[in-house]
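**Q** I have a structure here, written as structure tokens, and I will follow up with some questions on it.
The values are calculated or read from the model by the stated rules, or taken from the named source; none is laboratory data. Keep in mind that this is a model prediction, so the values were computed, not measured. Every residue, glycine as well, gets a Cβ built from its backbone with ideal geometry; the counts of neighbours run over all protein chains shown. Protein only, heavy atoms only, side chains kept; ligands, DNA and RNA dropped before computing areas. Shrake-Rupley method; radii C 1.70, N 1.55, O 1.52, S 1.80 Å.
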Amino acid sequence: MTEDVPPMTSHRPYLLRALAEWIADNDMTPHLLVDATQPGVQVPSSAVKEGRVVLNIAQRAVAHLVIDNLTVSFSARFGGVSYPVNVPISAVLAIYARETGQGMALPEDIAAGQGPHDDDEPPSPDGAAPDEPTPPPAKRPHLRVVK
């Protein structure tokens, strides 16, 4: 990548908004799987199980839902008590429809300078940069729907 091309913004919030709309348009209930151990996650501790929390973001379940480029925020009831929820986009692991399990585990962002064409040297035949060890293959994300 050349120096004069600015880095692109994260694709994660765009995917999240599109999938939430797709799920709602199909009269399904969108749920987020969130890594509650990440900094900035504000959810009731009673809702967290094994460091994760599943959040129903259907319009009928939340108030003031906003999915911007940095956070998902809304107000929801937990045990009958209204609670403000804030989740950084980076902490959202997946979005899926409760009824069918269809959705997507959100991919990691590619860090600036880490794209496939970011250096001036041609890649080696196996795809690794010269004089650099080949990174281990990434584990595929998996989604387990818990009802």
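**Q** Looking only at residues in segment 28-44 that are assigned to a loop (DSSP other than H, G, I, E, B) and more than 20 Å from Val81 (Cα to Cα), which one is least open to solvent (accessible area, probe 1.4 Å)? Give the derivation first.
**A** From segment 28-44, those assigned to a loop (DSSP other than H, G, I, E, B) are 28-29, 36-41, 43-44; that's our starting set.
Next cut, more than 20 Å from Val81 (Cα to Cα) only: 28-29, 37-40.
Numbers: Met28: 55, Thr29: 0, Thr37: 104, Gln38: 55, Pro39: 113, Gly40: 52 Å².
Filtering segment 28-44 for residues that are assigned to a loop (DSSP other than H, G, I, E, B) and more than 20 Å from Val81 (Cα to Cα), the one least open to solvent (accessible area, probe 1.4 Å) comes out as Thr29.
**Q** Output the residues belonging to segment 43-61 that are without any contact (Cβ under 8 Å) to a residue 24 or more places away in the chain and more than 15 Å from the chain's Cα centre (by Cα). Quick ask: steps written out before the conclusion?
**A** Step one: filter segment 43-61 for residues without any contact (Cβ under 8 Å) to a residue 24 or more places away in the chain, giving 45, 48-51, 53, 60.
Scanning segment 43-61 gives Ser45, Val48, Lys49, Glu50, Gly51, Arg60.
**Q** What are the residues in segment 1-19 that are within 14 Å of Asn69 (Cβ to Cβ), out of contact with any helix residue (DSSP H, G or I) (no Cβ under 9 Å at 6 or more places or on another chain) and in contact (Cβ under 8 Å) with a residue 40 or more places away in the chain, if any?
**A** So the first thing to find is which residues in segment 1-19 are within 14 Å of Asn69 (Cβ to Cβ), and the list is 7-18.
From what's left, out of contact with any helix residue (DSSP H, G or I) (no Cβ under 9 Å at 6 or more places or on another chain): 7-9, 11, 14-15, 17-18.
Result: Pro7, Thr9, His11, Leu15, Arg17.
**Q** Just the residues that are farther than 15 Å from Trp22 by Cβ, surrounded by 12 or more Cβ atoms within 10 Å (Cβ to Cβ) and out of contact with any helix residue (DSSP H, G or I) (no Cβ under 8 Å at 6 or more places or on another chain), please, taken from segment 97-112. If you could, list the steps in order and put the result at the bottom.
**A** Here is the first cut: in segment 97-112, the ones farther than 15 Å from Trp22 by Cβ are 105, 107-112.
Right, trim to surrounded by 12 or more Cβ atoms within 10 Å (Cβ to Cβ) and you get 105, 109-110.
Those that are farther than 15 Å from Trp22 by Cβ, surrounded by 12 or more Cβ atoms within 10 Å (Cβ to Cβ) and out of contact with any helix residue (DSSP H, G or I) (no Cβ under 8 Å at 6 or more places or on another chain): Ala105, Ile110.
Residues are listed down the side, and each one gets a yes or a no for (1) among the small types (Gly, Ala, Ser); (2) in a strand (DSSP E or B); (3) over 19 Å from Asp25 (Cβ atoms); (4) open to solvent by 60 Å² or more (accessible area, probe 1.4 Å):
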{"residue": "Val72", "(1), (2), (3), (4)": "no, yes, no, no"}
{"residue": "Ala76", "(1), (2), (3), (4)": "yes, yes, yes, no"}
{"residue": "Ser82", "(1), (2), (3), (4)": "yes, yes, yes, yes"}
{"residue": "Ile95", "(1), (2), (3), (4)": "no, yes, no, no"}
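**Q** Moving on to the next point. Could you list, in sequence order, the residues of segment 1-14 that are open to solvent by less than 50 Å² (accessible area, probe 1.4 Å) and either assigned to a helix (DSSP H, G or I) or among the aromatic types (Phe, Trp, Tyr) (or both)? Reasoning before the result, please.
**A** Applying the first criterion (open to solvent by less than 50 Å² (accessible area, probe 1.4 Å)) to segment 1-14 yields 10, 12-13.
Those that are open to solvent by less than 50 Å² (accessible area, probe 1.4 Å) and either assigned to a helix (DSSP H, G or I) or among the aromatic types (Phe, Trp, Tyr) (or both): Arg12, Pro13.
**Q** Is it the case that Val54 is open to solvent by 10 Å² or more (accessible area, probe 1.4 Å), closer than 21 Å to Trp22 by Cα and β-branched (Val, Ile, Thr)?
**A** Working: open to solvent by 10 Å² or more (accessible area, probe 1.4 Å): yes; closer than 21 Å to Trp22 by Cα: yes; β-branched (Val, Ile, Thr): yes.
Spelling it out, Val54 is indeed open to solvent by 10 Å² or more (accessible area, probe 1.4 Å), closer than 21 Å to Trp22 by Cα and β-branched (Val, Ile, Thr).
**Q** For Asp25, indicate whether it is open to solvent by 20 Å² or more (accessible area, probe 1.4 Å), within 15 Å of Glu99 (Cα to Cα) and of a type in the set (Asp, Glu). Walk me through how you get there before you give the answer.
**A** On the way: open to solvent by 20 Å² or more (accessible area, probe 1.4 Å): yes; within 15 Å of Glu99 (Cα to Cα): yes; of a type in the set (Asp, Glu): yes.
Answer is yes for this residue.
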